[in-house]
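Derivation of every value follows stated rules applied to the coordinates shown; laboratory data play no part. Source: prediction; values computed, not measured. Cβ coordinates were reconstructed from backbone atoms using ideal geometry, including for glycine residues, and neighbour counts include every protein chain displayed.
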Amino acid sequence: MYITQASLIEYIVGEVGIEVFMDIYDDPDFEETFVTKTGVSLEEWFERWVEYIEDV
């Protein structure tokens, strides 16, 4: 389970950078901030990540 979570975080950091990720992570309203900072819903990020790991 931890490997899965780490893989998702690594993917997001690779796409948006560590600074943006930490801004999102530190915000109490994670989901809203995530969508605002990335312009993409959590569901879309999940789908992108699934495609990414299928290609790896």
Reported set for the stretch 13-45 where residues are in a helix (DSSP H, G or I), among the hydrophobic types (A, V, I, L, M, F, W, C) and surrounded by 12 or more Cβ atoms within 10 Å (Cβ to Cβ) is Val13, Val16, Val20, Phe21, Ile24, Phe30, Phe34, Val35, Leu42, Trp45
With respect to Ile3, is the statement that it is surrounded by 12 or more Cβ atoms within 10 Å (Cβ to Cβ) and either outside any loop (DSSP other than H, G, I, E, B) or at positive phi (or both) true?
no
